[in-house]
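The values are calculated or read from the model by the stated rules, or taken from the named source; none is laboratory data. None of these values were measured; they are calculated from a predicted model. When we count neighbours, we look across all protein chains shown, and the Cβ atoms used for this are built from the backbone with ideal geometry, even at glycine. Heads up: the accessible areas ignore ligands, DNA and RNA and are worked out on the full protein's heavy atoms, side chains in. Shrake-Rupley method; radii C 1.70, N 1.55, O 1.52, S 1.80 Å.
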Amino acid sequence: VLVVDDEEEIHTITRLALESYTFENRKVGVLSAFSRREAEQVLEQESDIALVLLDVVMEEDDSGLHLVEYIRKILDNQSVRIVLRTGQPGKAPENEVIASYDINDYKTKPEFTVQKLFTTVTACLRAYHNIETIRRNAQGLEAIIRSSALVFKNQSFGKLGENVLARLMEIFFSSDPSGVNAAFFMGMPNSSIILMAGTGQYRDLQNQSLDEVLPDRVVETVVRYGKQGGESFQAGDYVGSFCSKEGFRSVLYLAGCDALSRLDRKLLRTYANNIAISFDNISLNREIINTQKEVILTLGEIVETRSQETAHHVRRVAEMCYHLARLCRLDEKDCDIIRLASPMHDVGKIGIPEAVLNKPGKLTDSEFEKIKDHARIGYDILRKSNRPIMKAASVIAFQHHERWDGNGYPRGLAGEDIHIFGRITSIVDVFDALSHSRCYKDAWPVDRIVRHMEAESGSHFDPALIQIFLGNLAVFEQINFQFPD
């Protein structure tokens, strides 16, 4: 309670009257200010003032009214309750003040007895408590919605646990998260539930199983919940176990929830359930991506089989493109996209006659022109999709035969005008083609391939990418061994 009055006696009487006063088992503190300016300073420094008992006439006849405007409009504080009490009602007529200013009660000092003070303070604190509950509830729900989006912005399961707990700390323990013991576990279908991230005593226990980390009583609770999942507060701890439709499991454990209010506990349940629902969405998204990957690989394999190349060619290209992209420090999202899209690099060969496609001898100029058409055909097949993977695949199909010096096809692009996906796939496709036998040639030994690619650096290939590729040749040779013809 903040008492704002220029009479010392008013402060003394109010303090004595509220000396033994409690609200919901908590003692109420009394702060003092003797002018409008002092009151403004106190209000700026103290964030938990619930009630202002305010005189109207202080250094000026309307100082109290100016302070009301300052609280409501400048500080934008709509929660604090304001009670005007004045010894000069003629300076501030009740009807006029109530109609013009956002105050909650009006009292003249003679009528403001100890009993009236008790009644007024109690009513105002109840109102403040209810307003703050509604405000915190709204803020908590807003934070949960915002945090859930942040948690799942990165689709990597490796970062998921860290994000879940980071947002949890921000919402419920922003003032002092240091002593909070929390743990987030995940488990794939038919596998152990593993700690993904922890705080406090669980901070450095990643990759350990749930039954190795948590108390036996908590493990028993999770086991009892089974595949249906469940949540509860027990012995001051929160345990939430969730299972997606695809069988993915997640467990959120928070130790020592005694300090959380009833509202915070409700918000914690809401947060945990929101994470679980979003987790289902991630599982569905992963299923869609895996389906796309299978379709792309299958189509790529069909095309390569038609041209009498092994199906493992597209798998090798996908893996090599991914690793070269990582070595080039592309972000993980782009690395994943090129891995999924590059198997479609030669999809345009579906429109090339087999007699030309599988001719064992040297192609004539006209036959070579027909072969070159596969880049444009592939682009035309893929370009109509708005899906990121298909859009990337269309770029790769169109540009993987372009050359750094501008003498490639189909458009004669040069240098960095060629998309990084096209430049990466160009290197990988040539390396894989030279490493394996084809109907028109035998496989080359590695040293010959290296000499050829070094010679083509700056003409056929991006010289910076070639340096990275050849500097990590063992990585790509291992992929050759992993997917042999």
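Report, by residue number, each residue of the stretch 394-424 that is closer than 18 Å to A455 by Cβ and among the β-branched types (V, I, T).
Correct list: empty.
Give the stretch 217-234 a look and list any residue that's in contact (Cβ under 8 Å) with a residue 40 or more places away in the chain and in contact with a Cys (Cβ under 8 Å, 6 or more places away or on another chain), or say none.
Within the stretch 217-234, G229 is the sole residue that qualifies.
If I filter the stretch 33-43 for residues that are open to solvent by 20 Å² or more (accessible area, probe 1.4 Å), more than 41 Å from the chain's Cα centre (by Cα) and not charged (D, E, K, R), do I get at least one hit?
yes
Look through the stretch 353-374, keep the residues that are touching a residue at least 40 places away in the same chain (Cβ under 8 Å) and surrounded by fewer than 15 Cβ atoms within 10 Å (Cβ to Cβ), and return whichever of them is nearest to A397 (Cα to Cα).
The selected residue is E354.
Taking the residues in the stretch 65-113 that are open to solvent by less than 20 Å² (accessible area, probe 1.4 Å) and either among the charged types (D, E, K, R) or more than 47 Å from the chain's Cα centre (by Cα) (or both) as candidates, determine which candidate is nearest to E46 (Cα to Cα).
R72
Looking at the stretch 105-125 only, could you name the residues that are touching a residue at least 40 places away in the same chain (Cβ under 8 Å) and out of contact with any Lys or Arg (no Cβ under 7 Å at 6 or more places or on another chain)?
The answer is V114, L117, F118, V121, T122, L125.
Given the structure, is I193 at pLDDT 75 or above, β-branched (V, I, T) and closer than 30 Å to E19 by Cβ?
no
What residue, among those in the stretch 191-249 that are among the acidic types (D, E) and open to solvent by 50 Å² or more (accessible area, probe 1.4 Å), is nearest to N181 (Cα to Cα)?
Within the stretch 191-249, the match that is nearest to N181 (Cα to Cα) is D204.
Of everything in the stretch 373-415, what is among the polar types (S, T, N, Q) and within 32 Å of the chain's Cα centre (by Cα)? Give them in sequence order.
S385, N386, S394 - these are the residues of the stretch 373-415 that are among the polar types (S, T, N, Q) and within 32 Å of the chain's Cα centre (by Cα).
Which one is modelled with the lowest pLDDT among residues in the stretch 90-108 that are in a helix (DSSP H, G or I) and more than 21 Å from I71 (Cβ to Cβ)?
Step by step, filter the stretch 90-108, then rank; the result is G90.
Regarding V317, is this residue β-branched (V, I, T), in contact with an Asp or Glu (Cβ under 7 Å, 6 or more places away or on another chain) and in a helix (DSSP H, G or I)?
Taking the combined requirement at face value, the residue satisfies it.
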